[in-house]
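Chemist: Pasting a structure here, questions to come.
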Amino acid sequence: MTLLITGGASGIGAATARLAAARGHKIAINYRSRETPARKVVAEIEATGGQAVALAADITREADIVGLFDAAEKVLGPVTHLVNSAGIGTAPTRVQDYDATVLANLFATNTIGLMLCCREAVRRMSTARGGPGGHRGGVIVNVSSMAGTIGGRPGASAYAASKAAVDSFTMGLAKDVAQEGIRAVSLRPGMVETEMTEKTLADNAVRSAIESTIAMGRVGRAEEIANAIVWLLSAEASFISGVTLDASGGGFVFGKR
Ligand SMILES: NC(=O)c1ccc[n+]([C@@H]2O[C@H](COP(=O)([O-])OP(=O)(O)OC[C@H]3O[C@@H](n4cnc5c(N)ncnc54)[C@H](OP(=O)(O)O)[C@@H]3O)[C@@H](O)[C@H]2O)c1
């Protein structure tokens, strides 16, 4: 089992890498700029007897994506599992202040880059394609966001839209490949403490305000999301495809209960 994780050097991607390695996956950790953190995760996995490699690729570039899959296969063998965790947010922005370049980069990363990673995975996993490269089927988990279910928190409408698109795409993808040995699932985290959110959550007042909107009254940990992802990757989830799973502490609550 070879698992390729985009954005695997930090946060949810790194937690998934560690857990999946412990469950017997060989891990290809993709990073864009975080080479040192990526190598650190590789070293941690190797120290516990696992096999991993860190691979640079910017998923907004199609050629990088193709090269990433080629490189992962060359080092670790056919990619059988894919977790698309790479993603970015934007500074809080009202619609009236949208900038076309920011929007294009957001969608190029969160949506189109993810879709092209899925394309590469399908080309390499699908049992319909035959040939010597593996093609034994596989599993894809796309990390979207609860933001997509509510239009985002204030100023995050574009981010929310980029993630809602992932949920819809994943449903269509799953139907496309359901008879080709591939499962595809969208995993929607709620607010999770990672490098992406650490600045926001460092402000205690903001953190409390956010936590008051989560049913469990707390943000999540990357490991809690990784547990759900690794289960979805496993054979225990063999009849689950084309759905979204929320890992969100019970979801949003607004107002007093
Ligand atoms: N944390 C939350 O509350 C939360 C909630 C819902 C959904 N999510 C989603 O969960 C996923 C993981 O986020 P996280 O919380 O773990 O944050 P994170 O630590 O910031 O992880 C995001 C990763 O994406 C990588 N990345 C960004 N642009 C890239 C590109 N063009 N090419 C390749 N890699 C790229 C980053 O690596 P580089 O810096 O090296 O580019 C980074 O390692 C994201 O898709 C995010 O939208 C997070």
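The values are calculated or read from the model by the stated rules, or taken from the named source; none is laboratory data. Values in this document were obtained by computation on a predicted structure and should not be read as measured data. Cβ placement follows ideal geometry from the backbone for every residue including glycine, while neighbour counts extend to all protein chains displayed.
Chemist: So which helices (runs of 4 or more DSSP H) are wholly in the range 7-115 and hold at least 3 residues that are over 18 Å from VAL141 (Cα atoms) and touching a strand residue (DSSP E or B) at 6+ places or on another chain (Cβ under 7 Å)? Can you show your working first?
Modeler: On the way: elements: 11-22, 35-47, 62-76, 100-107.
Answer list for the range 7-115: 35-47, 62-76.
Chemist: From the list GLY190, GLY172, GLY181, which residue is away from the ligand (no atom under 16 Å from the Cβ), at pLDDT 95 or above and touching a Ser or Thr at 6+ places or on another chain (Cβ under 7 Å)? If you could, list the steps in order and put the result at the bottom.
Modeler: On the way: GLY190 fails: away from the ligand (no atom under 16 Å from the Cβ); GLY172 fails: touching a Ser or Thr at 6+ places or on another chain (Cβ under 7 Å).
Result: GLY181 is the single residue among GLY190, GLY172, GLY181 that is away from the ligand (no atom under 16 Å from the Cβ), at pLDDT 95 or above and touching a Ser or Thr at 6+ places or on another chain (Cβ under 7 Å).
Chemist: Right, something else. For the range 89-99, how many residues are within 14 Å of the ligand (Cβ to nearest atom) and among the polar types (S, T, N, Q)? Show your work before the answer.
Modeler: Going residue by residue through the range 89-99, those that are within 14 Å of the ligand (Cβ to nearest atom) are 89-90.
Next, from what is left, pick out any that are among the polar types (S, T, N, Q): 90.
The total comes to 1.
Chemist: Name the residue, out of GLY155, GLY138, GLY190, GLY217, that is small (Gly, Ala, Ser) and within 29 Å of LEU76 (Cα to Cα). Break it down stepwise before answering.
Modeler: On the way: GLY155 fails: within 29 Å of LEU76 (Cα to Cα); GLY190 fails: within 29 Å of LEU76 (Cα to Cα); GLY217 fails: within 29 Å of LEU76 (Cα to Cα).
Among GLY155, GLY138, GLY190, GLY217, only GLY138 is small (Gly, Ala, Ser) and within 29 Å of LEU76 (Cα to Cα).
Chemist: Do you know which of the residues in the range 146-169 that are in a loop (DSSP other than H, G, I, E, B) and within 13 Å of the ligand (Cβ to nearest atom) is nearest to THR16 (Cα to Cα)?
Modeler: Checking each candidate, the answer is MET146.
Chemist: Let me ask something additional. State all residues of the range 78-88 that are within 13 Å of the ligand (Cβ to nearest atom) and surrounded by fewer than 19 Cβ atoms within 10 Å (Cβ to Cβ); if no residue qualifies, say none.
Modeler: Keep residues of the range 78-88 that are within 13 Å of the ligand (Cβ to nearest atom), which gives 83-88.
Within the range 78-88, just ILE88 meets the criteria.
Quick grid of which residues meet (1) under 20 Å from PRO154 (Cβ atoms); (2) surrounded by fewer than 15 Cβ atoms within 10 Å (Cβ to Cβ); (3) touching a helix residue (DSSP H, G or I) at 6+ places or on another chain (Cβ under 6 Å):
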site	(1), (2), (3)
ASP203	yes, yes, no
ARG207	yes, no, yes
ILE210	yes, no, no
GLY217	no, yes, yes
ALA226	no, no, yes
GLU236	no, yes, no
GLY242	no, no, yes
ALA247	no, no, yes
VAL253	yes, yes, no
